[in-house]
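Written out below as structure tokens is the structure these notes cover.
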Amino acid sequence: MGKTKLNLFSLPFRSCVIAMKLEHKQRQSLNMLHLMQVDSVQRWMEDLKLMTECECMCVLQAKPISLEEDAQGDLILAGGPSLGDPLQLLLKRGWVISTELRRIGQKLAQDRWARVHSMSVRLTCHARSMVSEYSTGSRSSSQEMGQIEKLLMEKCSELSAVTERCLQVENEHVLKSMKACVSDTLSTLGQHFSQLLELALTREVQALVRKIDASDNIYTTESTTGNLFSLTQEGAALCRIIAKEGGVVALFKVCRQDSFRCLYPQALRTLASICCVEEGVHQLEKVDGVLCLADILTDDSHSEATRAEAAAVVAQVTSPHLPFTQHLSSFLESMEEIVTALVKLCQEASSGEVFLLASAALANITFFDTMACEMLLQLNAIRVLLEACSDKQRVDTPYTRDQIVTILANMSVLEQCASDIIQENGVQLIMGMLSEKPRSGTPAEVAACERVQQKAAVTLARLSRDPEVAREAVRLSCMSRLIELCRSPSERNSSDAVLVACLAALRRLAGVCPEGLQDSDFQQLVQPRLVDSFLLCSNMEESFV
């Protein structure tokens, strides 16, 4: 062998064994004297190097390195923020404790008492660390926080003690009664933890809001607003706290100061996040936030980025998915100005993101009030939107086309809309939307494509009240595409919503131009009741033979 280094993984299994035995004998002869003089642990470590099993090593090399589910809580804070950042450390520690509470509940349901106890001990350590870290890195605790901290630690100790006792119990009936006790303790502990975390976060938010409110320094305001935006990304609960503690008021104060103009985009982005909750929208209305947004959108001296972020806030507060936004009475007073500014922003948008935000706001406004559709018709919005469809720089994703077709679908209830659509070659564009396909295959993009197909079919059905639109649709082979969508589940991603919309559109077109259908299509897709045609098409299975 000499000094040649053996590559054990390149040899057959039997050859590996022989090679290891030879290597073992060589090392024994060379190192025997040395091994005799070292302690037993060191000798064991040396022997371990010679005890390689090739089959085991090959299997280990093929396995991914991952964390065990139960061990993640111990490692989650590795590389985290330092004690100089108490807010982020509080959030991270809070997430770990929430995860531990959930996992303990899971193990308790499985009667894995050893795991329940060890995780309870670990939970106690995390809770103690959270209290200690926050006290060290933040301001002195209030009396209320002190009381809750005490209750939390008492429940942690109680949980550890009772789970330890459960390890010693073998009687199933006794364990069952103790399990209920553990469950109650765990529930109470979770409540105390939630109260403590909310109090601590509220104090931190109050400090940030006061800092924004009092600051006249652009760098301080920028940093603090950035911290507030980061908090909004932690979920609706924190957005509610921010709204409740005056975050919306403070941010609109920033947006009304010319000296902070460069911070408007960041402040508006934060406002859009806060307004995903009802408290945020109510606060926006109280401080005449809609009027401020209208001023920003209609002022061409503001940057495109600023106006785009203002459009994002408008889109948020007019979202049809949030019931509380429908009662935004102050919006109606400024709606005409806002709609005009948004159409202009769509027309002048320099990027897909800007166009998406502006068109999303317009789409939501068409749900918000029917007058908006008439305004859009007067502003030649159909021409602006359809021209944008041929501009890849502005319209390049199904998400953007979803907004455009939403506006067209809502506007198509107006009779005058049909002539504008034909004039701008809109039927052909709607036909193209019926063939919308995802590029990446992600669930979000697939869902967006389904919405585009569904709304395109709805728009076509509504517009086909006009015989001229119906004839143009037939000429462009829209009926063939609709039949394909009805009969082929893969073409519509097995979406029932798309199927219903396509059946409705097909029936509307068949009423104007029945000669465009074959007898089988007429008998299966048009002549029966809509529900019967739906059941027929939804039960179709494609053959892959």
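The values are calculated or read from the model by the stated rules, or taken from the named source; none is laboratory data. In this text the structure is predicted, and so the values were computed from the model without any measurement. Glycine gets a Cβ as well: all are built from the backbone with ideal geometry, and neighbour counts include every protein chain shown. The accessibility values were calculated without ligands, DNA or RNA, using every heavy atom of the protein model including side chains. Shrake-Rupley method; radii C 1.70, N 1.55, O 1.52, S 1.80 Å.
Values computed for the structure shown
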| read-out | value |
| --- | --- |
| Helices (runs of 4 or more DSSP H) wholly inside region 348-432 containing at least 1 residues that are under 25 Å from Thr306 (Cα atoms) and open to solvent by less than 10 Å² (accessible area, probe 1.4 Å) | 352-368, 371-378, 381-389, 398-411 |
| Wholly within region 196-294, helices (runs of 4 or more DSSP H) carrying at least 1 residues that are closer than 22 Å to Ser142 by Cβ and modelled with pLDDT of 95 or more | 236-244, 247-254 |
| Which listed residue is surrounded by 15 or more Cβ atoms within 10 Å (Cβ to Cβ) and modelled with pLDDT of 90 or more, from Ser120, Ser129 | Ser120 |
| Count of residues meeting criterion [over 16 Å from Ser330 (Cβ atoms) and without any contact (Cβ under 8 Å) to a residue 40 or more places away in the chain] in region 280-306 | 4 |
| Positions within region 260-304 being within 18 Å of Leu357 (Cβ to Cβ) and basic (Lys, Arg), in sequence order | Arg269 |
| Filtered residues of region 253-292 (kept if touching a Lys or Arg at 6+ places or on another chain (Cβ under 6 Å) and open to solvent by less than 10 Å² (accessible area, probe 1.4 Å)) | Val277 |
| Residue match in region 116-131 (condition: within 33 Å of the chain's Cα centre (by Cα) and more than 30 Å from Glu204 (Cα to Cα)) | yes |
| In region 182-208, the residues that are surrounded by 21 or more Cβ atoms within 10 Å (Cβ to Cβ) and of a type in the set (Val, Ile, Thr) | Val182, Val205 |
| Members of region 439-471 found to be touching a Pro at 6+ places or on another chain (Cβ under 7 Å) and farther than 27 Å from Cys513 by Cβ, listed by number | Glu445, Val446, Ala448, Cys449 |
| Which numbered condition Glu424 fails, given (1) on the phi > 0 side of the Ramachandran plot; (2) in contact (Cβ under 8 Å) with a residue 12 or more places away in the chain | (1) |
| Qualifying residue in region 163-176 (condition: closer than 20 Å to Ser98 by Cα and touching a residue at least 40 places away in the same chain (Cβ under 8 Å)) | yes |
